[in-house]
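Scroll down for the structure; my scribbles are underneath it.
The values are calculated or read from the model by the stated rules, or taken from the named source; none is laboratory data. Predicted, not measured: the structure shown is a model, and the values here were computed from it. Here Cβ is always computed from backbone atoms with ideal geometry, including for glycine, and neighbour counts include all displayed protein chains.
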Amino acid sequence: IFRGNLIPTDENEYAGSSAVVTEEIAPEKPGRVRFQGTTWKAISYDESFAPGETVEILKEENLTFVVTRSIMGGITDNPTNN
């Protein structure tokens, strides 16, 4: 038996952030995105994305990002990325 407190996570912590698709994402097929220097599993409810596309993170569900087409028009979170 382990003792301690469960640390709550905020599923919206990354909401609105941009990520770049590294592995194709389709509604019935999870893929991967690059975000903050590493890759994460990503899903989309009704859109498909090819590698290299910029997506927007809607929320995080169990270490998987739910993504959609970026509404920022290609603007990224990294201001040094011109």
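Observations
Conditions tested, residue by residue: (1) under 12 Å from the mean Cα position of the chain (by Cα); (2) at pLDDT below 95; (3) closer than 14 Å to residue 69 by Cβ.
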{"residue": "8", "(1), (2), (3)": "no, yes, no"}
{"residue": "22", "(1), (2), (3)": "yes, no, no"}
{"residue": "25", "(1), (2), (3)": "yes, no, yes"}
{"residue": "33", "(1), (2), (3)": "yes, no, yes"}
{"residue": "51", "(1), (2), (3)": "no, no, no"}
{"residue": "56", "(1), (2), (3)": "yes, no, yes"}
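- Residue within the range 40-55 that is without any contact (Cβ under 8 Å) to a residue 12 or more places away in the chain, at negative phi and outside any loop (DSSP other than H, G, I, E, B) present: no
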